[in-house]
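Values in this text are rule-based calculations from the coordinates and carry no lab data. If you're wondering where the values come from, they're calculated on a predicted model, not measured in any experiment. Note that each Cβ is placed from the backbone with ideal geometry, even for glycine, and that neighbours are counted across all protein chains shown.
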Amino acid sequence: MKFEIHLDGVAGKKIRVVELEEESDSYRILIDGEPINVDAVLVSPGIVSVLIDGQSFEIHTTPSPEGKLKLQCGPHEFAADVVDPRAWRGRKHGAMEAEGQQQIVAPMPGKVIRLLVAAGDPVEAGQGLVVVEAMKMQNEIRSPKKGKVERLLAKEGQTVNAGDVLAWVE
């Protein structure tokens, strides 16, 4: 399988070509044609532990309303768009809105410092719902769809773990 990864960070935009080749019970990974020794494990929802050539990294992933992934590794943050060259190019470009009831979860451990909505409030796709402080950074958790806040389980001052349910949007 071959994918293009479009990265957008502080240092600018980059495109990386990632190839996965199945080898018995693992994969051989090539980045821009160069083989790389990688081992990755999903630690919890939204957190991946990656070992690259013996160096360990913890990557926090959060989907964005635009359909991209927000990747955070230590102080570095990127927006990533994964493009499958086999995908039909004629599809509608832009954000695809989530459908049905959506569970809003904490992307990483932290503390709820602000609630931006209340149960029953109407919300737009991309609208902020909850602000969670983690590693001295404030992260606004946004709605993946237009709808109504069905339930709000988070409370200001509450400590949360990665994957804890904060709210439901219908």
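Summary table
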{"item": "Orientation-averaged projected area, Cα convex hull of segment 102-169 (nm²)", "result": "3.6"}
{"item": "Exposure rule at most 12 other beta-carbon atoms within 10 Å, DSSP loop trypsin sites (Lys or Arg not before Pro): the chain longest free segment", "result": "1-85"}
{"item": "Net length gained if the chain between ARG151 and LYS14 were fully extended (0.36 nm per residue, minus Cα distance)", "result": "45.4 nm"}
{"item": "Distance in nm between pseudo-label sites at ALA79 and LYS111 (7 Å out along the Cβ direction from Cα)", "result": "3.0"}
{"item": "Rough spin-label spacing in nm, given labels placed 7 Å along Cα→Cβ, for ALA119 and LYS136", "result": "3.7"}
{"item": "Added length on full extension, which subtracts the Cα-Cα distance from 0.36 nm per residue, HIS6 to SER64", "result": "19.4 nm"}
{"item": "Fluctuation leader among VAL43, VAL131, VAL123 - the chain, Gaussian network, Cα springs under 10 angstrom", "result": "VAL43"}
{"item": "Distance in nm between pseudo-label sites at ASP32 and VAL48 (7 Å out along the Cβ direction from Cα)", "result": "1.9"}
{"item": "11 Å beta-carbon shell around ASP121, net charge (K/R +1, D/E -1)", "result": "-1"}
{"item": "The chain: most fluctuating residue of SER143, SER64, SER44 per GNM, C-alpha cutoff 10 Å", "result": "SER44"}
